[in-house]
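Inspection log for the structure reproduced underneath, given as structure tokens.
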Amino acid sequence: MKIVIEGMDGVGKSTVSHAIAEQLGAKYVDGLLCNYLYEQGMTLEEEKIVRKAIDLCTDNEVSIVRTWLYAFANLFNFVHYSGDIVIDRHCLTTFYYNGDEFSKDIYKYMQKYMGKPDLVIILRASVETRRARIRNRDKNDLDLLKITKMTYGYDKMEEAAKFLELNYKILDTDNMTLQGVIEKVMMIIDEVR
């Protein structure tokens, strides 16, 4: 089963993805290829250099360039990892930051070659909740200063999920504990399996 955990920055995607993968006995995979790079022996310092290069490319004003860059990571994760996987970020996050009328078809093209995840769970939380979670994680986190990361954003994610005809569920996590979120996500997965 291929499960994707989506949501805006600070909602808890990585934490929940790791926990769900562990409970399912599945492979945790991040949406930016870091797992693969570590598996190939890349150090944290080398990974930072790669991320900086990717960031420079994603600053490109042409949405199609940015979309293809992230689409490659999405495609790679789907074809490289077999068996049960839990992916932390996938096409909805990419669509939020890069999707527009010029790049929309790239997502359909990507699906044609990799297929769709079995289930996408969108973790939702208010901007205030996400800021508090990021501050708890690291009060100096630069995401706190990035306006695009601190917008609501879920309408565009849901629009993309409908456009791509994904099997998705939305879980509002605002007033939930981490353990409560994990338990609810497991219930959603059990309903689909």
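The values are calculated or read from the model by the stated rules, or taken from the named source; none is laboratory data. Please read these numbers as outputs of a predicted model, since none were measured by experiment. With ideal geometry, Cβ positions are generated from the backbone for all residues, glycine too; neighbour counts draw on all protein chains shown. The protein model used for the area step is the full one, side chains on, heavy atoms only, and it has no ligands, DNA or RNA in it. Shrake-Rupley method; radii C 1.70, N 1.55, O 1.52, S 1.80 Å.
Among the candidates Leu92, Leu123, the residue that is within 13 Å of the chain's Cα centre (by Cα), within 23 Å of Ala21 (Cβ to Cβ) and assigned to a helix (DSSP H, G or I) is uniquely Leu92. All of (1) closer than 25 Å to Thr15 by Cα; (2) at pLDDT below 85 hold for Leu123 with one exception: (2). Among the residues making up the stretch 95-108, those that are assigned to a helix (DSSP H, G or I) and surrounded by 14 or more Cβ atoms within 10 Å (Cβ to Cβ) are Phe95, Tyr96, Tyr97, Asn98, Lys104, Ile106, Tyr107.
Here's the yes/no breakdown for (1) in contact with a strand residue (DSSP E or B) (Cβ under 8 Å, 6 or more places away or on another chain); (2) under 23 Å from Arg133 (Cβ atoms); (3) charged (D, E, K, R):
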{"site": "Glu61", "(1), (2), (3)": "no, no, yes"}
{"site": "Thr67", "(1), (2), (3)": "no, no, no"}
{"site": "Asn77", "(1), (2), (3)": "yes, no, no"}
{"site": "Asp100", "(1), (2), (3)": "no, no, yes"}
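The residue list Tyr113, Tyr28 contains one member that is among the aromatic types (Phe, Trp, Tyr), open to solvent by 10 Å² or more (accessible area, probe 1.4 Å) and part of a helix (DSSP H, G or I), which is Tyr113. Of all residues in the stretch 97-118, those being of a type in the set (S, T, N, Q), farther than 28 Å from Val192 by Cα and under 17 Å from the mean Cα position of the chain (by Cα) number 1.
Val50: within 14 Å of the chain's Cα centre (by Cα) and not in a loop (DSSP other than H, G, I, E, B), yes or no? Spelling it out, it is not the case that Val50 is within 14 Å of the chain's Cα centre (by Cα) and not in a loop (DSSP other than H, G, I, E, B).
Please verify whether the stretch 58-76 includes one or more residues that are part of a loop (DSSP other than H, G, I, E, B), open to solvent by less than 10 Å² (accessible area, probe 1.4 Å) and either closer than 20 Å to Glu165 by Cβ or of a type in the set (Val, Ile, Thr) (or both). No, the stretch 58-76 contains no residue that is part of a loop (DSSP other than H, G, I, E, B), open to solvent by less than 10 Å² (accessible area, probe 1.4 Å) and either closer than 20 Å to Glu165 by Cβ or of a type in the set (Val, Ile, Thr) (or both).
Taking the stretch 156-193 as the range and being more than 16 Å from Met8 (Cα to Cα), open to solvent by less than 50 Å² (accessible area, probe 1.4 Å) and not in a helix (DSSP H, G or I) as the test, the residues that pass are Leu164, Leu166.
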